[in-house]
Structures are given as structure tokens and as C-alpha cells.
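See below for the structure under consideration.
Read-outs throughout are calculated quantities, based only on the coordinates presented, and are distinct from any laboratory measurement. This is a predicted model, so every value here is computed, not measured. Cβ: placed from backbone, ideal geometry, glycine included. Neighbour counts: every protein chain shown.
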Amino acid sequence: MKYSPRAAFKLQGNQVGFSFSKRDLMVQFVSLRQRILSAVQKNATRGDPRSVIRAIDQFCSQKEWAMNVGNEKGCILDSVVSEVNPATVLELGTYCGYSTVRIASLLPPYAKFITLEFNPDFAAVARQVIAWAGLEDKVQLVEGASSDWIPKIKEQFGIKTFDLVFLDHWKEHYLSDTKLMEECGLLRKGSVLLADNVICPGAPDYVEYVRSSPRYKSHYFRSHLEYTKAEENLWYLGIIE
Ligand SMILES: C[S@@+](CC[C@H](N)C(=O)[O-])C[C@H]1O[C@@H](n2cnc3c(N)ncnc32)[C@H](O)[C@@H]1O
Ligand SMILES: [Mg+2]
């Protein structure tokens, strides 16, 4: 039976005359993030990050769409991480920990990696996904809003600047958070900013800022919206001054 929240709630109040199986009901009240976690627990091997990535990609391409960066752009992310070989990384927007697992699995043991997520339910699932991949010692998952945490990062985590920042939180915060990172001295000559979804859903003010600023050298990666054929661009920047 197809999921219908209205029918499910009516059923709770015993107001309907058609029946659901127990399994239907269980599926209906489990959130998408929980179904992603279940797919990992069912299909991925503990301690094997690539199997975690595969399990999430399989679930999201075959069963239900979710806002992970996905495998196509994930491969670009992997190549940027490998090329930059960062000792310090900041990720804005963890969701279920998909891109966190991709990044953490490629970092050297001494690297410091902070990922920020303001939704506690997403953060709770991400912690379990990261632990399933065996990467909990390589990631610091911090709960809270980027605008609150960015000014505290230097002091709280002893980080001077970030070698790599992956922006993948709500698009209207890309520009303000980039300016905040600049003001807080978290970016240096050579820091790399990789921003997802700058065309779809889109972050036009951010694109305009980096395009017109002489401080940034920018480069487009053509790709598609995660788990779809919709074209979008992933924007990759190196700060030159
Ligand atoms: C597109 S999802 C991240 C996907 C993840 N990077 C991946 O590819 O697996 C965006 C996430 O950013 C979080 N978020 C949005 N704005 C935020 C903010 N200002 N501070 C912290 N988290 C934020 C949302 O709750 C959501 O979980
Ligand atoms: Mg994204």
C-alpha cells in the first residue's frame, strides 16, 4: 500500500474502514533519515566506508530521493579532497553523514575535520552512520547553526584556518557564512571552497560574489542534481590572496 499520512492518522483514531498491515504502518511512521540508516545497517559492512556510501546510493537512487551529494558529485568531491590533501576541513551541512563519510575516509590520520548540522534529528542519524563506517575518531560532528559556530571555531577547536570548506547547507547562507569565515580569519591564501547546488536550487548571490571578487579563482564542475538527470554545477574555488 502506498504511504498516505492522512489515512495513517485517521487509522490512529480508528476512523477508517480499510486496513493496513503492521509492516505498512511501521514504514509510514519511520522517517526518511531512519530508512537511510536502516539501509546502511542492513546492507553495509561495519568499518567499511565505501560499503556505507554504496548502501546509501543504492537506496536513494532506487527507492527514495534524498539530499545527499550523491555518487556523481561525490566522485568530484573525492578528487578535490585527494588533490587538496587537507589537514583541516569544515563541512557545512551534515544531514545523514553521507558526504562526511566520503570526506573522512580520504583524510590522513592527523587531519582535523569538523562538520556542522543544526537539526538534532539529522545529527543523531549522522553519528550512527559515521560510526557504522568506523570513522567516528576522524570527524567532529558539531550540532548548531553555522552562523553561531563559525565565530567560535578558532577558540573551541584550536584551528587556525581551513584548507578545505565544503558548503552544502541551506543555500541562502553560503554568502553570509563565506563572509563570516573571511572576517573570522578562517580562510587563507590557498584555502579551497567547494560549494554544492549553486545552480539548483541555486545560490546566485554567492556565485556573483566569488565570480566578481579578485580574491577568488573559480572553476565550474558540470554535473547533475543528486540521483537525477537535472543539470547543475558544482562550484570550486581557490582563494588566491
Ligand atoms: C543538503 S543537506 C547536506 C547533505 C550532506 N552534505 C551530504 O551530501 O550528505 C543540508 C543540511 O544542512 C543543514 N543546515 C542547513 N542550514 C544550516 C546551518 N545554517 N547550520 C547548520 N546546518 C545547516 C540542514 O539541516 C541539512 O541537514
Ligand atoms: Mg547538496
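Counting Lys +1, Arg +1, Asp -1, Glu -1, what net charge surrounds Asn43 among other residues with beta carbon under 13 Å of its beta carbon?
Details: positive: Arg35, Lys42, Arg46, Arg50, Arg54, Lys63; negative: Asp48, Asp57.
Residues near Asn43 contribute +4 overall.
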Over the chain, what is the relative contact order in whole percent, taking alpha-carbon pairs under 8 Å and six or more residues apart?
17 percent
Cβ-defined net charge surrounding Leu225, 11 Å radius [Lys, Arg +1; Asp, Glu -1]:
-3
Cα-based helix-to-principal-axis angle, 70-84 vs the chain, degrees rounded to 10
30 degrees
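Would you please name the chymotrypsin sites (Phe, Trp or Tyr not before Pro) within the stretch 50-112 that are DSSP coil residues with at most 14 other C-beta atoms within 10 Å of their C-beta?
Details: sites: Phe59, Trp65, Tyr95, Tyr98, Tyr110; in loops: Trp65, Tyr95, Tyr110.
When the chymotrypsin sites (Phe, Trp or Tyr not before Pro) of the stretch 50-112 are filtered for loop state and at most 14 Cβ neighbours within 10 Å, Trp65, Tyr110 remain.
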GluC sites (Glu not before Pro) within the stretch 134-212: which are DSSP loop residues with at most 14 other Cβ atoms inside 10 Å?
none
Student exercise: in the stretch 70-239, how many lysine pairs 8 or more apart or on different chains have Cα atoms under 18 Å apart?
16
What number, in percent, do you get for the relative contact order of the stretch 33-171 if the mean sequence gap of Cα pairs under 8 Å and at least 6 apart is divided by its residue count?
30 percent
Please rank Ser212, Ser191, fewest neighbouring Cβ atoms within 10 Å first, as an exposure proxy.
Ser212, Ser191
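Kindly provide the trypsin sites (Lys or Arg not before Pro) of the stretch 175-241 that DSSP labels as loop, not H, G, I, E or B, and whose Cβ sees at most 10 other Cβ atoms within 10 Å.
Values: sites: Lys179, Arg188, Lys189, Arg211, Arg215, Lys217, Arg222, Lys229; in loops: Arg188, Lys189, Arg215, Lys229.
When the trypsin sites (Lys or Arg not before Pro) of the stretch 175-241 are filtered for loop state and at most 10 Cβ neighbours within 10 Å, Lys189, Lys229 remain.
Less than 14 Å Cβ to Cβ from Gln156, Lys/Arg counted +1 and Asp/Glu -1: what total charge do the surrounding residues give?
Numbers: positive: Lys112, Lys152, Lys154, Lys160; negative: Glu143, Asp148, Glu155.
Combined, the nearby Lys, Arg, Asp and Glu give +1.
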